[in-house]
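Here is the structure we will look at, set down as structure tokens.
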Amino acid sequence: MLKLLNFSVSWFGEVAENFQQNFQEPATSEMDGIYLFNCHLLFIIISIVLLIWWLLYVICDNFLDNSNNLVFNFTHASSIEIIWTTIPALILLSLASPSFSLLYSLDEITNPEITLKIFGHQWYWSYEISDYKTCTNENKSLKFSCYLLTNDFLKDCNNLGFFRLLETNKRIFLPSNTHIRLLVTAIDVLHSWTIPSFGIKIDACPGRLNQANLFIKRFGVFFGQCSEICGVNHGFMPIVAVVCSSSSYYNIIYELTL
């Protein structure tokens, strides 16, 4: 068991913090793109809000009844109508270009080295890894299920440092700098497999197989949860992924399948 005392949350892993206002630190190129697009979008939104407030102030300051005696009688202005139609169209185009590029990059199909099969249950996750590279030619697969660690287990002094409602009895080991294919489905009801730092959120639907690609750039411990309201225990389906080097990953998988 890990004994972690007096370590900061940011050191331990990518997990949500109290009063968090920003994204978690990106671990994939897709999440980098989402973060940059969010900054681009926020800049445009703040600029629009400031412009509208300034226009409202100018109108209220210059055209109140007690400060303006000049009345303009007009109902049509072609130049103003062209401006307020063209500018929003240009703003939408500036948003559409990076948005479509990001969407297509999320759906890009590559030749994966590893396939991680994910199954959503009421209310836990199960996984299967079957096409990894090892030193043996035998056809083996690694299957396991991840359950939430109970409060009684976390009260043990040997388990201090674990996060309540986020820790699982088993963790997913993934290699860094490796193309990974995720195949996601559900056994019973709708679920959603989500890890914010990966910038990935895949719906798990019964009778349907959804696919996503993952390329993780750095090591760490990453936490996620089911993002679909799947029932009474929806809040008790955490996800914990440990990302290590490719060599360490293959050694771990090889030992687990012996």
| query | Are any residues in segment 85-102 within 18 Å of Leu42 (Cβ to Cβ) and of a type in the set (Val, Ile, Thr), and if so, which ones? | reply | Ile91
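Any residue that is in contact with a Phe, Trp or Tyr (Cβ under 6 Å, 6 or more places away or on another chain) and more than 22 Å from Ala16 (Cα to Cα) - is there at least one of those in segment 222-238? Before you say what the answer is, go through the steps one by one.
Narrowing segment 222-238 to residues in contact with a Phe, Trp or Tyr (Cβ under 6 Å, 6 or more places away or on another chain): 233, 236-237.
Within this subset, residues satisfying the condition of being more than 22 Å from Ala16 (Cα to Cα) are none.
No, segment 222-238 has no match at all.
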| task | From (1) surrounded by fewer than 17 Cβ atoms within 10 Å (Cβ to Cβ); (2) of a type outside the set (S, T, N, Q); (3) in contact with a Lys or Arg (Cβ under 7 Å, 6 or more places away or on another chain), pick out the condition that doesn't hold for His179. | result | (3)
| query | Can you find a residue in segment 229-237 that is touching a Cys at 6+ places or on another chain (Cβ under 8 Å), crowded, with 16+ Cβ neighbours inside 10 Å and not in a helix (DSSP H, G or I)? | reply | yes
| note | Restricted to segment 71-122 and to residues being in a strand (DSSP E or B) and either hydrophobic (A, V, I, L, M, F, W, C) or farther than 22 Å from Ala241 by Cα (or both), the residue modelled with the lowest pLDDT is Ile114
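The values are calculated or read from the model by the stated rules, or taken from the named source; none is laboratory data. In this text the structure is predicted, and so the values were computed from the model without any measurement. Heads up, the Cβs are rebuilt from the backbone with ideal geometry, glycines too, and the neighbour counts pull from every protein chain shown.
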